[in-house]
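Below is one structure, written out as structure tokens; comments come after it.
The values are calculated or read from the model by the stated rules, or taken from the named source; none is laboratory data. The structure presented is a predicted model; accordingly, all values stated were derived computationally and were not measured. Ideal geometry is used to build each Cβ from the backbone, glycine not excepted, and the neighbour counts take in all protein chains shown. These accessible areas exclude ligands, DNA and RNA; they are computed on the full protein's heavy atoms, side chains included. Shrake-Rupley method; radii C 1.70, N 1.55, O 1.52, S 1.80 Å.
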Amino acid sequence: MAKDLKPQADNGEKIQTKYERKMEKRKKQEEKDKRDAKVLRIGAIAVCAVIIIAIAGSIAASFMNKRAVTEDAYITVGNHSVTKLEYDYYYSLLKSNYIASYGSILSYMGVDATKDLDSQQYTEEMTYKDYFDQLTVEQIRQTKALTDDAAANQFSYDDGEDYADILNGITAGAEAAGVSVSNYYTSMYGKYATEKSIEPFIREGLLAEKYYSYLIDQNAPDNQEIKDYYEENVQNYDRVDYYSFVFAAESGEDASEEDLDKAMMDAKNKADAMMKARKEGKGFKELCIENSSEENKATYENEETDASFREGAYYSSTPQAISGWLYEEGRTKGDIEVLEDAANHQYYIVEFADRYYDEADDENISTMISSERVSGYIQEKMDHYAVTDLKGELKYLTAENAADEE
């Protein structure tokens, strides 16, 4: 007998075929893939956000660093705030000028400009970095004092041509160095230096320089003052013409004192013999040729010049061993003498020709007097420009204060 077929209760479940189960599984996998993809996108966004924040932080740090250099006060000079950018501009100028002036002898001074100057001693108390800091601060003080005084006296000038010359010089410098102008600015004057950013410093320097020249002109002495100054400093401005020849003591580096004395006596005897021959009428140049070494003979034989003759020499530029004799009162043309130079182990034979004042030195005396006046005037102004080291970087100030306390 057939079993009764009773209707099944509807429990909400649907009987799936194999195909439907397969499609359902695929659908769930797709949904999972979408969820995973969404997570990845969210993670990527988060990573990007971190990167953006990091970049923004770097930009902010760079901005803050740039602001610290170009806007914040590094030191104060009087009532002027000086940024690190301005300070570095003056520091670079002074360092470059110093190297240009003394570059050929820096190694003899024990200085390597390519290395850290903070580790190279200038004195026992100061390094070369301290020394350049000191020069920089004094230059800034002087510049501020001059430009403030120029403004107070309503002094101004058109700096257009001078400024253009400086820019042309910078361009030429960049070309010579094989770099772009912008890179030249940063390499010369600091990381954030540009034509625009250092323009105020250049123009201020030009104004100070021009105003200084104006003060020199304004303080020039009159003719009587020049004459009076000359009479008080005759020896410094009189010139002399003279002939000279040197007989060096011929002795080895390790010569004994006895040997050196003998060599000096031999040198004196030769000098005396030359002086005797000269007094007897033989020409000074001829005698120099006879007594010179083979390696120097050609110098004295030159017919176009006279290597033994010195013309227009100042007292300060004549050898110490002979300057006193040359400038003695009553010295007359033809006076001749043998003079010992014990410090250099040699004897000079010297013949006096003339002593005189060259009126061209009126200009030198005028400049000297006006410079002294202007220097005193500027120093009085600078005394009101105290320096405050806001960042504690100027070590030389500490050394100066310690020295003052002692």
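Kindly list the number of the only condition in (1) under 22 Å from R141 (Cα atoms); (2) touching a residue at least 24 places away in the same chain (Cβ under 8 Å) that fails for I226.
Here I226 meets the rest and fails (1).
Give region 344-375 a look and list any residue that's aromatic (F, W, Y) and under 22 Å from V234 (Cα atoms), or say none.
Result: F352, Y356, Y357.
Report whether or not Q218 is of a type in the set (S, T, N, Q), out of contact with any Cys (no Cβ under 8 Å at 6 or more places or on another chain), modelled with pLDDT of 95 or more and at positive phi.
no
Kindly list, by first and then second residue, each pair from a residue in region 184-201 that is free of Cβ contacts under 8 Å to residues at least 12 places away in the same chain to a residue that is open to solvent by less than 30 Å² (accessible area, probe 1.4 Å) and not aromatic (F, W, Y), limited to pairs with Cβ atoms under 6 Å and residues at least 6 apart or on different chains.
These pairs meet every condition: T186/A193.
Among the residues of region 365-384, are any of a type in the set (A, V, I, L, M, F, W, C) and more than 30 Å from Q134 (Cβ to Cβ)?
yes
For region 310-322, what are the residues that are in a strand (DSSP E or B), small (G, A, S) and open to solvent by 70 Å² or more (accessible area, probe 1.4 Å)?
Within region 310-322, no residue meets the criteria.
Anything in region 284-309 that is aliphatic (A, V, I, L, M), more than 23 Å from V240 (Cβ to Cβ) and within 43 Å of the chain's Cα centre (by Cα)? List them, or say none.
Within region 284-309, A298 is the sole residue that qualifies.
Within region 67-80, does at least one residue satisfy the condition of being over 20 Å from M382 (Cβ atoms), open to solvent by 30 Å² or more (accessible area, probe 1.4 Å) and among the polar types (S, T, N, Q)?
Yes: region 67-80 contains one or more residues that are over 20 Å from M382 (Cβ atoms), open to solvent by 30 Å² or more (accessible area, probe 1.4 Å) and among the polar types (S, T, N, Q).
Name the residue, out of E253, E303, E286, that is out of contact with any Phe, Trp or Tyr (no Cβ under 7 Å at 6 or more places or on another chain), of a type in the set (D, E, K, R), part of a helix (DSSP H, G or I) and open to solvent by 50 Å² or more (accessible area, probe 1.4 Å).
From the options E253, E303, E286, the qualifying one is E286.
Test A151 against the stated conditions and say whether it is part of a helix (DSSP H, G or I), open to solvent by 60 Å² or more (accessible area, probe 1.4 Å) and under 16 Å from A208 (Cα atoms).
So A151 fits the description; yes.
Can you list the strands (runs of 3 or more DSSP E) found entirely within region 323-406 that contain at least 3 residues being touching a residue at least 60 places away in the same chain (Cβ under 8 Å) and buried (at least 17 other Cβ atoms within 10 Å of the Cβ)?
Output list reads 346-356.
Residues of region 178-229 being touching a Ser or Thr at 6+ places or on another chain (Cβ under 6 Å), closer than 25 Å to D149 by Cα and hydrophobic (A, V, I, L, M, F, W, C), which ones?
Once the filter is applied, which keeps residues that are touching a Ser or Thr at 6+ places or on another chain (Cβ under 6 Å), closer than 25 Å to D149 by Cα and hydrophobic (A, V, I, L, M, F, W, C), region 178-229 yields L207, A208, I216, A220.
Going through Y243, Y212, Y237 one at a time, which residue ends up being closer than 30 Å to S81 by Cα and of a type outside the set (A, V, I, L, M, F, W, C)?
Y212
Starting from residues that are touching a Lys or Arg at 6+ places or on another chain (Cβ under 7 Å) and modelled with pLDDT of 95 or more, keep the ones in region 154-171 and report whichever is surrounded by the fewest Cβ atoms within 10 Å (Cβ to Cβ).
The selected residue is Y163.
If I filter region 194-218 down to residues being assigned to a helix (DSSP H, G or I) and polar (S, T, N, Q), which single residue comes out as most open to solvent (accessible area, probe 1.4 Å)?
Checked region 194-218; the qualifying residue most open to solvent (accessible area, probe 1.4 Å) is Q218.
So which residues in region 88-135 are in a helix (DSSP H, G or I) and in contact with an Asp or Glu (Cβ under 9 Å, 6 or more places away or on another chain)?
Y91, L117, D118, Y128, K129, D130, D133, Q134
Could you check how many residues of region 229-250 are part of a helix (DSSP H, G or I) and open to solvent by 60 Å² or more (accessible area, probe 1.4 Å)?
Of the residues in region 229-250, 4 are part of a helix (DSSP H, G or I) and open to solvent by 60 Å² or more (accessible area, probe 1.4 Å).
Kindly provide the set of residues from region 245-263 that are at pLDDT 95 or above and of a type outside the set (F, W, Y), ordered by number.
V246
Go through region 99-140 and count every residue that is under 26 Å from T76 (Cα atoms), of a type outside the set (V, I, T) and open to solvent by less than 30 Å² (accessible area, probe 1.4 Å).
Matching residues across region 99-140 total 6.
Only one of these conditions is not met by K191: (1) within 22 Å of Y91 (Cα to Cα); (2) open to solvent by less than 30 Å² (accessible area, probe 1.4 Å); (3) outside any helix (DSSP H, G or I). Which number is it?
(2)
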